[in-house]
1. Going by the structure shown, is Pro182 surrounded by 13 or more Cβ atoms within 10 Å (Cβ to Cβ) and at pLDDT below 80?
2. Residue by residue through segment 189-210, note down the ones that are without any contact (Cβ under 8 Å) to a residue 40 or more places away in the chain and either buried (at least 21 other Cβ atoms within 10 Å of the Cβ) or in contact with a Cys (Cβ under 9 Å, 6 or more places away or on another chain) (or both).
3. Just checking, how many residues over segment 40-55 are part of a loop (DSSP other than H, G, I, E, B) and over 13 Å from Thr247 (Cβ atoms)?
4. Among the residues of segment 9-35, count how many are in a helix (DSSP H, G or I) and either at pLDDT below 50 or open to solvent by 40 Å² or more (accessible area, probe 1.4 Å) (or both).
5. Within the group Ala244, Ala215, Ala248, Ala211, which residue is within 28 Å of Gly128 (Cβ to Cβ) and over 16 Å from the mean Cα position of the chain (by Cα)?
6. Which one of Leu74, Leu112, Leu98 is of a type outside the set (Gly, Ala, Ser), in a helix (DSSP H, G or I), touching a helix residue (DSSP H, G or I) at 6+ places or on another chain (Cβ under 9 Å) and open to solvent by 30 Å² or more (accessible area, probe 1.4 Å)?
7. Could you grab the pairs with beta carbons closer than 6 Å, sequence gap of 6+ or different chains, first residue in segment 40-56 and touching a residue at least 40 places away in the same chain (Cβ under 8 Å), second one not in a helix (DSSP H, G or I)?
Amino acid sequence: MMPRQAEGESAKRATTKSGSRYWEVDAARGVAILMMVVYHFTYDLYAFGGYDVDAVSGFWARFADSTASLFLLLVGVSLAITAARGDGGFRPYLLRGLRILVYGMLLTAVFLVFGMGIVAFGILHLIGVSIILAYPFLKLKLTNLVLGVAVFAVGLYVQAGDPTGSPWLLPLGVVPEGWAMPDYRPLLPWFGVVLIGLFIGNVVYGKGRPARFPARSPVVARPLLPLGRNSLAIYLVHQPLLVALLTALGVVDLNLF
């Protein structure tokens, strides 16, 4: 007969495997959402309002990179958590990746229709492809860290050479001459960040949720949880709503017609 303490641990593991969320991951994703909204607000002022704020270089460019890095690290961590709960095979990862990739392609179409620039391989495209490519690496630890750092370093080297070439090489960081893209996150170097996130996720969550993490979220983190739990939906709708609000208030002028 199983001791009461062992029964409790078994029930706890079963709850974890059933799909319960980890508040600390949702809270971190909520922080990334807030950072994203702040950056896009600044970008809209720069791109559509003509305000004297350079959103594409200097501090704000680094802020955007930091925001993307946090999102991508959490993609890796989330993949590690999913893998630790049970291997459902490649199909769920393929379908999930394709779904997010389709969202990215819809975003590409919206940007083209409204003349807002080219988003040929933005962060949604990257996340969708990364979920599919990450499947062979789901259970790896140190190997993911080494590979992630190597991929990131190669990507920085490619970008430092200011490469230009075929549009088919866009996912690898090679940009056709004259293309200006408001959202561009190629696999080199950014897939490396996902692999580093996988390393972190497998180290922290590979054997389940660490006991040192409180089961209940602290009060200060709770406002962030709905943002983290609905991050994809917020990502898809926040920018149109933000631009519409700024336009209605006369802060920016899209000059669409």
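The values are calculated or read from the model by the stated rules, or taken from the named source; none is laboratory data. Owing to the predicted nature of the structure, the values given are computational and were not obtained by experimental measurement. Cβ sites come from the backbone with ideal geometry, for glycine too, and all protein chains shown count toward neighbours. Accessible surface areas use protein heavy atoms only, side chains included; no ligands, DNA or RNA. Shrake-Rupley method; radii C 1.70, N 1.55, O 1.52, S 1.80 Å.
1. No.
2. Pro189
3. 6
4. The number of residues fulfilling the criteria is 13.
5. Ala244
6. Leu98
7. As it stands, the answer is Tyr43/Ala55; Asp44/Val252; Leu45/Tyr51; Leu45/Val53; Phe48/Val252; Phe48/Leu254; Gly49/Val251; Gly49/Val252, since those pairs meet every condition given.
Okay, residues lined up against (1) among the aliphatic types (A, V, I, L, M); (2) closer than 22 Å to Val237 by Cβ; (3) assigned to a helix (DSSP H, G or I); (4) modelled with pLDDT of 90 or more:
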| site | (1), (2), (3), (4) |
| --- | --- |
| Ile118 | yes, yes, no, no |
| Ile127 | yes, yes, yes, yes |
| Lys139 | no, no, no, yes |
| Leu145 | yes, no, yes, yes |
| Leu156 | yes, no, yes, yes |
| Pro163 | no, no, no, no |
